[in-house]
Amino acid sequence: MQNTSQVVARNLNLFKPSSLLIVGMPDDDLLSQLDYTQAFTWDYSVYSTLNQAGYSNLTWGSELESDKQYKQVLMFMPKSKPELDLLFAMVSSKMEMGAELFLVGAKKEGINSVAKKLTSVGGHPEKLDMARHCQLWSVIKTVESKPFRLDDWLEEYQYSSGDDTLTAISIPGVFSHGRLDDATALLLDNLGKIPSGRVLDFGCGCGVLGAMIAKRNPEAMVEMVDINALSLYCAERTLSRNNLKGKVYPSNGLRDVTGRFNGVFTNPPFHSGVKTNYSITETFIRTLPDHMTKNAPLRLVANSFLKYAPLIDAALERYDVVTENNKFRVYKAFR
Ligand SMILES: C[S@@+](CC[C@H](N)C(=O)[O-])C[C@H]1O[C@@H](n2cnc3c(N)ncnc32)[C@H](O)[C@@H]1O
């Protein structure tokens, strides 16, 4: 069990049955110890793992679409801080006045400073427990909350590559929020020829790559996948804002992708939240050949220090570096 879950597990007496909402839980077996009403996550891999383990009343999505007002909410500190305000606003709107919000998180991920934000929900946050380098806080809701609308949090910005300018729609916590990422910009300027037919944007974030691919070749049937429901929510809006078409759906790595693609384009993840995690992209590269048609191109951008080159070289043919600057490298290879 993760450290945050262990801290919750030693405080089970705090939680009352019948009206408990859990938000952002890890994919361990803490849920088996809690009598919860609903458990919500934006993370498709957590959802899939818990679902397969047989837990019920799980929701994965961009928003918790229930009119229910809960008496207690247990919130795990989100992995990325920018989405905190959004999460507090969403959670608070699901709590009745006088309801209790519990927040648990790791010290090294900044729970101390994050707990101060609990004052947006109620007056006097209290630290209830400290163990396993984590803290458990609580606050009683005394601040009236506004109805929560995800669309109120969307922002848009323009981005360009060559002669093409598009509008990106993003939200706090989603990659490339507010501005185009520098690595993605390098890849956009080095996409090469976009094949027609099925083309994959893996780890699409708010959809900047997939939208540019669809714009450059209207014959490309772009599919955009990510594990984060907020990313997919934004990617759909980025496509429609630019009058472009594509299929947007959740996939943990390539697990939920079927069939083969005529091209794959990606700025792949090397983080799970704040923790470095190379295994997602390593597995992605190893399993790529099963998802590409013969001679289909891969274009992948990554930090130069990441050791993906030997993996790409082993998995595919004609591996090469297309371009590089002092931080990033764009690789190409073919099935
Ligand atoms: C470096 S960002 C790139 C986002 C976007 N393509 C861009 O360039 O702005 C990597 C993306 O991969 C997603 N991701 C992380 N783990 C994943 C997984 N296991 N399967 C699919 N996508 C994942 C993240 O949510 C994030 O949106």
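The values are calculated or read from the model by the stated rules, or taken from the named source; none is laboratory data. Quantities reported herein were computed from a predicted structural model and do not represent experimental measurements. Every residue, glycine among them, receives a Cβ derived from its backbone with ideal geometry; neighbour counts consider all protein chains shown.
Tell me, which residue of segment 262-283 that is modelled with pLDDT of 95 or more and within 14 Å of the ligand (Cβ to nearest atom) is farthest from the chain's Cα centre (by Cα)?
Pass one, segment 262-283, residues modelled with pLDDT of 95 or more: 262-268.
Pick out the ones that are also within 14 Å of the ligand (Cβ to nearest atom) and you get 264-268.
Working: V264: 20, F265: 18, T266: 15, N267: 14, P268: 12 Å.
Out of the qualifying residues, it is V264.
Could you say which residue among F265, F305, F270 is in contact (Cβ under 8 Å) with a residue 60 or more places away in the chain, assigned by TED's automatic domain parsing to the domain that holds Y233 and aromatic (F, W, Y)?
Exactly one residue qualifies, and that residue is F265.
Is there any pair linking a residue in segment 198-209 that is of a type in the set (A, V, I, L, M) to one that is buried (at least 24 other Cβ atoms within 10 Å of the Cβ) and modelled with pLDDT under 95, with Cβ under 8 Å and at least six apart or on different chains, and which?
Listed pairs, sorted by first residue: V208/S176.
In this structure, is V321 modelled with pLDDT of 95 or more, over 22 Å from the mean Cα position of the chain (by Cα), within 14 Å of the ligand (Cβ to nearest atom) and β-branched (V, I, T)? Even if it seems obvious, please write down each step before you answer.
Values: modelled with pLDDT of 95 or more: yes; over 22 Å from the mean Cα position of the chain (by Cα): yes; within 14 Å of the ligand (Cβ to nearest atom): no; β-branched (V, I, T): yes.
No: the conditions fail for V321.
In this structure, does L50 turn out to be buried (at least 16 other Cβ atoms within 10 Å of the Cβ), modelled with pLDDT under 95 and in contact with a helix residue (DSSP H, G or I) (Cβ under 7 Å, 6 or more places away or on another chain)?
Judged against the criteria, L50 is not a match.
Taking segment 174-202, which residues are touching a Leu at 6+ places or on another chain (Cβ under 6 Å) and farther than 19 Å from I285 by Cβ? Step through it out loud before you land on a result.
From segment 174-202, those touching a Leu at 6+ places or on another chain (Cβ under 6 Å) are 174, 201; that's our starting set.
V174 - this is the single residue of segment 174-202 that is touching a Leu at 6+ places or on another chain (Cβ under 6 Å) and farther than 19 Å from I285 by Cβ.
Would you confirm, using the coordinates I've provided, whether A229 is in contact with a helix residue (DSSP H, G or I) (Cβ under 6 Å, 6 or more places away or on another chain), more than 9 Å from the ligand (Cβ to nearest atom) and of a type in the set (A, V, I, L, M, F, W, C)?
Numbers: in contact with a helix residue (DSSP H, G or I) (Cβ under 6 Å, 6 or more places away or on another chain): no; more than 9 Å from the ligand (Cβ to nearest atom): yes; of a type in the set (A, V, I, L, M, F, W, C): yes.
The answer is no for A229.
What strands (runs of 3 or more DSSP E) completely inside segment 134-179 contain at least 1 residues that are within 16 Å of the ligand (Cβ to nearest atom) and outside the structural domain of N11 (by TED's automatic domain parsing)?
On the way: elements: 134-140, 155-161, 164-170.
So the answer is 155-161, 164-170.
Might you let me know whether segment 111-128 holds any residue that is assigned to a loop (DSSP other than H, G, I, E, B) and within 30 Å of T266 (Cα to Cα)? Reasoning before the result, please.
Narrowing segment 111-128 to residues assigned to a loop (DSSP other than H, G, I, E, B): 121-125.
Still in the list and also within 30 Å of T266 (Cα to Cα): none.
No: zero hits.
So R299 passes all but one of these: (1) assigned to a strand (DSSP E or B); (2) in contact (Cβ under 8 Å) with a residue 24 or more places away in the chain; (3) over 30 Å from V46 (Cα atoms). Which condition number does it fail?
(3)
When segment 20-36 is examined, which residues are found to be assigned to a loop (DSSP other than H, G, I, E, B) and surrounded by fewer than 17 Cβ atoms within 10 Å (Cβ to Cβ)?
Of everything in segment 20-36, those that are assigned to a loop (DSSP other than H, G, I, E, B) and surrounded by fewer than 17 Cβ atoms within 10 Å (Cβ to Cβ) turn out to be D29, D35.
Go through segment 167-178 and report how many residues are in contact with a strand residue (DSSP E or B) (Cβ under 6 Å, 6 or more places away or on another chain) and of a type outside the set (G, A, S).
Of the residues in segment 167-178, 3 are in contact with a strand residue (DSSP E or B) (Cβ under 6 Å, 6 or more places away or on another chain) and of a type outside the set (G, A, S).
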